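Colleague: Structure below; questions to follow.
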Amino acid sequence: MRQLKNSLIYTLGGFGSKAISLLMLPLFTRFLTPEDYGLLTVVTTVSMLIAGLASLQLRAGYARNLFDFKAPLYRQQLLETALSSLVVLNVTVVALCCLCQPVFGWFYPEIKFYPYFFITLLALPVSAVLDVMQVHYRMTEQPGKFVLLSWAQIISGIFFSVLFVVVIKWHALGMCYAGLAAGIVSFVIAVWSFPHRLRWYFENSQFRGMFRYGLQVIPYTMITIVITNVDRFLINRYATLAELGLFGVALRLASAFRVFGDSAEMTFTPYFFRLASQHRREDIACDLGCKATWVMAVFIFLGTCVMLVSSEVVLLILPSKYQGVGGLLPWLVLAAVFNVIDSLGAIGAQFVKKMIAYTPICLAAGVLNLALDLLLLPRLGARGAAMAAAAGALLMMLLRIAYSQRVYAVGYQWGRLLLCVGASCLVLAIGSVCSFMLPVWSALVSKLMLMAVLGVAISSFMSWWHHWQTLRHAMVGMIQRIASPIV
C-alpha cells in the first residue's frame, strides 16, 4: 500500500509537470522552427554526454550506499560528500570544455560554442546537485519534497522559456538561458527545502564507496547514453537540422510516457534496496516479482494507448510544419516501453551486485542500433532512426532480463505479459486500419473505444491468470497425490 501511495504521488507530480510542458509545446512550436529544435537537440545531447562523464555515477553510488548507514549523521555526511564531489567534478569538466572549444567546432561547425554550448554547460553543476537531492528524497521516501523540486524545475523553466522565447524572442538561445535560470531557481529551493544546514564536506572513505559502485555502472551508462543519442548524431550528418528538430520534438512527446515508468522505478528502487540490505531474498523472488508483473502490464497498456492515438494528436496540436512527428512518435514510445520493462525486469543482477555483463549487453544493442541507423537513415530519414532505437531497446531488454534471471531468478509471470502483448498488437493493427479509412475525429473516437476494450482485456487476463495458476497447482497436486501410491 505504501508503494502504491508513493507511486501515485510520483506519477501525479511528474505527469502534472509534464502535462504543463506538453500544453506549452504548441505555443513554443509557433515561435521556434524545426531548425531551432534541431539545434537544441544537438546541444542537449552533447551536454548529456558530458554530464554522464563528469558525474562518475556518484548518484547511483549514493543511492545504493545510503542504506548501509543507519545513523542520520552519517547519512548527511554521505550526502554532503556526494554534493561536494559532484560540484568539483562538474566545474572542472566545464572549464576543460571551454579550453577545448575548437573540438566542438570540428564536430558541429554550424553551432557556435559561445553562447549555445557554453550556456548549457554552465547549468551542469547545478543540475548535478539537483539530481542528488532528488535521489535523496526518493531513497528516503519523501515523495512530497521530490515532487516540489520537480514542479519547481518545470514551472520556473516554463516561466523563463516564455520570457526569453515568446516575449524577448531569443529563439533557441532563449531556451538555453531558460534552462540555466530554472536550474538556479530550483537549486535555491532544493537547499531551502533540506531540513538541515548543508556543509562543504568530503569523506574519502565514503567517496571511495560511492565510486566503487558507480564504477560498475559508468560503462553501461555511457554506452546507454551513446546508444540513445547516436541516432541524433547520424540524423545531423545524413539529414537536415530541421529533420533532427522533428525527431527532438517527438522525443519530448515520448518523454511524457516515461513519467509513468520513472514513477514506478522511483517507488520500487528504495523498496528493493531495503530488501537487499535486509537480505530478504525470498521477498525479492516472490513479492517483488508479482508486483513488477502488474506494473509491466500497466505500462504495456499505457504505451499501446499512446501509440494508438499519436498520429491524430499530432495533427490536432502541432502546426503543419511539425506533422512529420506523427510518424516518429509510435516508435519512440515503443522504445520507452522496452526501457521500462527492462528496468523492472533486470532487478536480480542489481540485488547480487553483478552488473558487469551490462557493458557487453549494451555494446551488442548499440551495434544493432548503429547498423540499423546506417541502413535505414538514408532510406527513411528520421523514421528509420526511430525504428532503429526501438530495435536496440528491444535487444537490450531481452539480453538484460535473460542475464538478470540467470544471475538471480525473480518470479515474474511472463504468461500474463505475453497475453497483454498479443492483445496490444491486435488493437494496434485495428487502429492502423481506422487511421487509413476514417477521418481524424472519427478515427480518434474509434481508437478511444479500442483503448477501453484493451483495458478490460488486460485486466481480465491478469485476473484470469491468477485463477488459472491456482487451478493448475491444485490439479497438479491432486494428480501427484493420486499417482504416488501407484508409483
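Colleague: Here are some residues: A349, A335, A365. Which one is at pLDDT below 80 and in a helix (DSSP H, G or I)?
Modeller: Exactly one of A349, A335, A365 is at pLDDT below 80 and in a helix (DSSP H, G or I), namely A349.
Colleague: Still on this structure, please answer the following. So which of L329, L315, L375, L398 ends up being out of contact with any Phe, Trp or Tyr (no Cβ under 8 Å at 6 or more places or on another chain), at pLDDT below 90, on the phi < 0 side of the Ramachandran plot and assigned to a helix (DSSP H, G or I)?
Modeller: Result: L315 is the single residue among L329, L315, L375, L398 that is out of contact with any Phe, Trp or Tyr (no Cβ under 8 Å at 6 or more places or on another chain), at pLDDT below 90, on the phi < 0 side of the Ramachandran plot and assigned to a helix (DSSP H, G or I).
Colleague: Restricted to segment 25-54, and to residues that are at pLDDT below 85 and closer than 15 Å to H171 by Cα, which residue is surrounded by the most Cβ atoms within 10 Å (Cβ to Cβ)?
Modeller: L25
Colleague: Also: Just checking, which of L198, L180 is surrounded by fewer than 22 Cβ atoms within 10 Å (Cβ to Cβ) and part of a helix (DSSP H, G or I)?
Modeller: Result: L180 is the single residue among L198, L180 that is surrounded by fewer than 22 Cβ atoms within 10 Å (Cβ to Cβ) and part of a helix (DSSP H, G or I).
Colleague: Of everything in segment 201-231 that's of a type in the set (F, W, Y) and at pLDDT 85 or above, which residue is surrounded by the most Cβ atoms within 10 Å (Cβ to Cβ)?
Modeller: F207
Colleague: Going through T293, T304 one at a time, which residue ends up being within 30 Å of Q405 (Cβ to Cβ), at pLDDT below 85, crowded, with 19+ Cβ neighbours inside 10 Å and not aliphatic (A, V, I, L, M)?
Modeller: After ruling out the rest, the residue left standing is T293.
Colleague: Further, regarding this structure: Given the conditions (1) polar (S, T, N, Q); (2) more than 17 Å from G327 (Cβ to Cβ); (3) touching a residue at least 40 places away in the same chain (Cβ under 8 Å); (4) out of contact with any Phe, Trp or Tyr (no Cβ under 8 Å at 6 or more places or on another chain), report the number of the one that Q413 does not fulfil.
Modeller: Condition (4) is where Q413 drops out.
Colleague: Could you tell me which residue of segment 401-436 is modelled with the lowest pLDDT, considering only residues that are in a helix (DSSP H, G or I) and of a type in the set (V, I, T)?
Modeller: Looking at the filtered set, the residue picked out is V407.
The values are calculated or read from the model by the stated rules, or taken from the named source; none is laboratory data. Note that this is a predicted model, so its numbers are computed, not measured. Don't worry about glycine lacking a Cβ; one is built from the backbone with ideal geometry, like all the others, and counts go over all protein chains shown.
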